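Presented below is the structure to which this report refers.
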């Protein structure tokens, strides 16, 4: 590489400077599922909206709570409006969800009531509020259901609907485009010729994009050819906010990605970061658009997604940064002190354990990992019991 390598934190800061939030929009609840909330979701009514019965049974007036025998009065079903007066000494026959008069003191569960000769008999007086759902006891009108900066989950969607919402405000969406370069790459499902390799980076990056709640990315696969790569980048840039190219970012005779981005009108912001895996990672811009050049080795590609592309997307969507916490190494982790290294690990409690397969071409460790450890430059091998920084690997986040 012809220029000095950046340290990771400096490179990430540059990337995040370009992550500008998109204008928000309002969408129906189901269309907004998985999208990042741009505004808090609030209740449009009291929940429950009225006093109602939690069980099938008999409603007792507040003034009659010290009694145990009542005349069985009219029936009140769910969905019926309240009608008529309620005389002292009368128990209303009610069903779950039925509206209760404001003078209700409690509801006796039907299993606890003995009926005979038009009367309802209790073994003992009821306690105040028994089996009564009071208006607004869960939420008051205007109360927050979910803050902004979180993805709309099925539970929040249900609570929003229950409190009268039909739509929510969500962060503007990002459209991603992916260019996979490599003459040796073969689409899975086709016969594998001598020297051929099944292509996985396009699938991995597309899956990571969808898992973050973004729309389906546009994917182009091209051979190691400058013209074809530049044409693919140019075509995707017509429709995408972010373009990601994998492969061709090193210094080989057939590494054309840098030149291809230049021909497509992108300016290179940086190339090369003092880290493993992913040293040749590059970042580009063209107006409000950005692009990433990721190494072609599968593990390098996915690690660079996790530590560069993912933070960019999260900031652009208004999501909080990932949290790196102290963790204890349960096994030794080999490490050269001349660079920062990201190591897929298994997180168990407050401890982490590395995997044997750590080559930049190996996905096995990442498949089994649920966290990423960060081993700082200047540090040698990590011994069992020593601490490292680690973050959860949340493919499906928010």
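The values are calculated or read from the model by the stated rules, or taken from the named source; none is laboratory data. These numbers were taken from a predicted model, which means no experiment stands behind them. So basically every Cβ, Gly included, is an ideal-geometry build from the backbone, and we count neighbours across all protein chains shown.
Structure notes:
- Considering residues of the stretch 167-194 that are outside any strand (DSSP E or B) and under 24 Å from the mean Cα position of the chain (by Cα) only, the residue farthest from residue 222 (Cα to Cα): 171
- Residue in the stretch 216-237 that is under 29 Å from the mean Cα position of the chain (by Cα) and touching a residue at least 60 places away in the same chain (Cβ under 8 Å) present: yes
- Counting only strands (runs of 3 or more DSSP E) that sit completely within the stretch 195-288, those holding 2 or more residues that are assigned by TED's automatic domain parsing to the domain that holds residue 13 and buried (at least 22 other Cβ atoms within 10 Å of the Cβ) correspond to 242-246, 282-286.
- Test: residue in the stretch 354-368 that is at pLDDT 85 or above and not in a loop (DSSP other than H, G, I, E, B): yes
- For residue 164, the conditions (1) farther than 25 Å from residue 236 by Cα; (2) surrounded by 17 or more Cβ atoms within 10 Å (Cβ to Cβ); (3) over 23 Å from the mean Cα position of the chain (by Cα) are fulfilled apart from (2).
- Within the stretch 52-76, considering residues that are assigned to a loop (DSSP other than H, G, I, E, B) and touching a strand residue (DSSP E or B) at 6+ places or on another chain (Cβ under 8 Å), the one surrounded by the most Cβ atoms within 10 Å (Cβ to Cβ): 55
- Taken together, the residues in the stretch 80-102 that are surrounded by 12 or more Cβ atoms within 10 Å (Cβ to Cβ), touching a residue at least 40 places away in the same chain (Cβ under 8 Å) and assigned to a loop (DSSP other than H, G, I, E, B) amount to 6.
- Output for the stretch 115-150, where each listed residue is assigned to a strand (DSSP E or B) and closer than 20 Å to residue 166 by Cα: 139, 144, 145, 146
- Within the set 65, 27, 12, the sole residue that is more than 43 Å from the chain's Cα centre (by Cα) and modelled with pLDDT of 95 or more turns out to be 65.
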